[in-house]
Amino acid sequence: MFQVKDENSQIELDQEQIKFQSPRGMQDLLPEEHRYFTFIKKVVRHRCRQAGILRITTPVLEPTELFVRTVGEDTDIVTKEMYTFADKKGRSLTLRPEGTAGVVRAYLQNNLFNRPQPVDLYYFDPMWRYERPQAGRYRQFWQFGVECLGGENDPAIDAQIMHLGWKIISDLGLASDIEIQINSIGCPKCRPQYLENLANYYEDKKHTLCAECKKRLETNPMRLLDCKNEDCQLLAQNAPKPTEHLCQECSDHFQRLQEFLKVLELPFNINPRVVRGLDYYTKTVFEFWDKKKQGAAALFGGGRYDTLVEQMGGPATAAVGFGMGVERLIAEMKARKIGVPHKDKVQVFVAQLGHEAKLKCLPLISALRNEGIHTMNSLGHSALKAQLKLADKFGAEWAVIIGDLEVQQDTALLRDMRIGEQQILPFDQIIPTLLNIFTEEQRDTYTPGELEWLETENDLKNNSIYFQ
Ligand code: HAM
């Protein structure tokens, strides 16, 4: 609700004067940004629903150990980027830096493995990583992710999930110039031998590696392949490739994946240097890159993780998924000058003067809103002139004006704000006239659907298992 201010009352505040700022790397989502968020959420919901993928939300906090054991204790995320603290009982908790670990925990904790498989889930939630804030990298960011759990270990599913990601970025106008970088990093059978070969290759080249890679050689040698340092990149070019050391099963998997990607007409490139920064992957890994920017900032990425569920104490379960940073999608849309439709327009502004006028306005405003007409008002004490200026600033197309005279005569003025013309109407003609002006398509008559009265406890259970 708004208080009318003097039209010139712009307050200039020195940023230093403001007592609090949001934490570095964490930003407010202002209404203009929400237009993008809403649009992206709708695309995601639509595409996921078409594919039978259901939404899940896990708590923002998880036991720290969950991420250490799944994402990997030597990964950047775990060693440098987690927001970790002890609760009042001294239990270590972490703000989730990614979605996969929590979803797998929820799959096990809620016995989702007993439901018909696969269980395909998506999330659209904030994540936290203590990174150096820069374009496309924030400390709080939103991620949309999909996890397909309990399907077969079949590369057709990997291709299908990449295709889903492709459809979503196509719907957002971002598919041109995007190429999928694919790789296979093997399985617990073939990877140890590959890692040994990799370590041997680097053994006599250690001195040219950056400080970070010298450490990684001991803890996480595959990450040497995607280091951004120039010298390390040169060395990585001649390093043994994961795909040259795959066992027969992984090699077949990778071959068949490529056939499936071809029939789906997805543009891909085999990139031996895409290894991903999380430990749980097996076989397929992939990233969607802008061809013009190369690996500078992957738009999104994912892969297969067939051993994770078992590693967390569950039954052997094949799984594959991806995660997309929503801010990155929005930044890319803006860079490509892509706008989104929104319904934030003010269609009618109701201006009034005095207590009697307000008594007439309140039900009128409510009725207009119920008809789906976006209606604003200013119910504080102020002059009609100031209210109309405000209506103009909000971009209202029409104004309904009720002053003393109109109250006495049971009328109202209807003013076309775009051309400044107005007419006097009987008060009870205001709504029918505005319903003629705004066609059904221009009205916002969305409803969430009809309520249902459920008959049995079982119906209730099928509807919701949580709030019982
Ligand atoms: P990730 O590559 O670490 O994978 O993150 C996925 C996406 O999240 C990135 O490609 C990027 O779009 C976005 N992202 C990551 N960090 C930031 C940041 N600091 N600021 C803004 N956006 C960021 C995962 O998180 C895996 N859980 C994906 C996955 C799901 N794999 C299988 N299932």
The one condition in (1) within 16 Å of the ligand (Cβ to nearest atom); (2) among the hydrophobic types (A, V, I, L, M, F, W, C); (3) open to solvent by 10 Å² or more (accessible area, probe 1.4 Å); (4) at pLDDT 95 or above that Ala135 fails to fulfil:
(4)
Qualifying residues in the range 285-343 (those that are more than 15 Å from the ligand (Cβ to nearest atom) and hydrophobic (A, V, I, L, M, F, W, C)) - the one farthest from Leu108 (Cα to Cα):
Ile338
Yes or no: Tyr130 in contact with a strand residue (DSSP E or B) (Cβ under 9 Å, 6 or more places away or on another chain), modelled with pLDDT of 95 or more and open to solvent by 40 Å² or more (accessible area, probe 1.4 Å)?
yes
Do we have any residue at all in the range 44-61 that's part of a helix (DSSP H, G or I), away from the ligand (no atom under 12 Å from the Cβ) and open to solvent by less than 20 Å² (accessible area, probe 1.4 Å)?
yes
Can you pull out the residues in the range 93-118 that are open to solvent by 10 Å² or more (accessible area, probe 1.4 Å), among the aliphatic types (A, V, I, L, M) and either touching a residue at least 60 places away in the same chain (Cβ under 8 Å) or part of a helix (DSSP H, G or I) (or both)?
Leu108, Leu112
Going through Glu265, Glu259 one at a time, which residue ends up being open to solvent by 10 Å² or more (accessible area, probe 1.4 Å), part of a helix (DSSP H, G or I), away from the ligand (no atom under 12 Å from the Cβ) and under 19 Å from His163 (Cβ atoms)?
Glu259
Please enumerate the residues belonging to the range 305-322 that are out of contact with any Asp or Glu (no Cβ under 6 Å at 6 or more places or on another chain) and closer than 9 Å to Asn153 by Cα.
Asp306, Thr317, Ala319
Counting just the residues of the range 152-176 that are more than 18 Å from Glu332 (Cβ to Cβ) and open to solvent by 20 Å² or more (accessible area, probe 1.4 Å), which one comes out nearest to the ligand (Cβ to nearest atom)?
Ile157
Which residues, taken from the range 231-242, are open to solvent by 40 Å² or more (accessible area, probe 1.4 Å) and either out of contact with any Pro (no Cβ under 6 Å at 6 or more places or on another chain) or modelled with pLDDT under 90 (or both)?
Asp231, Gln233, Leu234, Gln237, Asn238
Quick one: how many residues across the range 318-341 are outside any helix (DSSP H, G or I) and open to solvent by 30 Å² or more (accessible area, probe 1.4 Å)?
5
Please count how many residues of the range 414-464 are without any contact (Cβ under 8 Å) to a residue 12 or more places away in the chain, more than 19 Å from Ile365 (Cα to Cα) and part of a loop (DSSP other than H, G, I, E, B).
12
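Every residue in the range 189-225 that is basic (Lys, Arg) and either more than 16 Å from Val275 (Cα to Cα) or open to solvent by 70 Å² or more (accessible area, probe 1.4 Å) (or both), please.
Within the range 189-225, Lys189, Lys205, Lys206, Lys214, Lys215 meet the criteria.
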Here is a list of conditions, (1) open to solvent by 90 Å² or more (accessible area, probe 1.4 Å); (2) outside any helix (DSSP H, G or I); (3) modelled with pLDDT of 95 or more, and Lys228 meets all of them except one; can you say which number that is?
(3)
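One line per residue, one yes/no per condition, for (1) within 10 Å of the ligand (Cβ to nearest atom); (2) aliphatic (A, V, I, L, M):
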residue	(1), (2)
Gly72	no, no
Ala86	no, yes
Gly99	yes, no
Arg105	no, no
Arg115	no, no
Pro118	no, no
Asp125	no, no
Trp128	yes, no
Within the range 188-200, identify whether any single residue is within 13 Å of the ligand (Cβ to nearest atom) and modelled with pLDDT of 95 or more, and answer yes or no.
no
Residue among Gln408, Gln429, Gln387 that is farther than 17 Å from Phe349 by Cβ and surrounded by 11 or more Cβ atoms within 10 Å (Cβ to Cβ):
Gln429
Restricting the range 62-92 to residues that are part of a loop (DSSP other than H, G, I, E, B) and touching a strand residue (DSSP E or B) at 6+ places or on another chain (Cβ under 8 Å), the one surrounded by the fewest Cβ atoms within 10 Å (Cβ to Cβ) turns out to be Asp87
Of the residues that make up the range 291-300, is at least one open to solvent by 20 Å² or more (accessible area, probe 1.4 Å), in a strand (DSSP E or B) and out of contact with any helix residue (DSSP H, G or I) (no Cβ under 7 Å at 6 or more places or on another chain)?
yes
Which residue pairs have Cβ atoms under 7 Å apart, sit 6 or more places apart or on different chains, and have a first residue in the range 288-300 that is basic (Lys, Arg) and a second that is at pLDDT 80 or above?
Lys291/Asp177; Lys291/Glu179; Lys292/Asp177
Does the range 269-282 contain any residue that is within 16 Å of the ligand (Cβ to nearest atom), modelled with pLDDT under 90 and among the aliphatic types (A, V, I, L, M)?
no
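The values are calculated or read from the model by the stated rules, or taken from the named source; none is laboratory data. Predicted model only: the values in this text are computed from it and were never measured. Don't worry about glycine lacking a Cβ; one is built from the backbone with ideal geometry, like all the others, and counts go over all protein chains shown. Accessible surface is based on the protein model in full, side chains and every heavy atom, while ligands, DNA and RNA are left aside. Shrake-Rupley method; radii C 1.70, N 1.55, O 1.52, S 1.80 Å.
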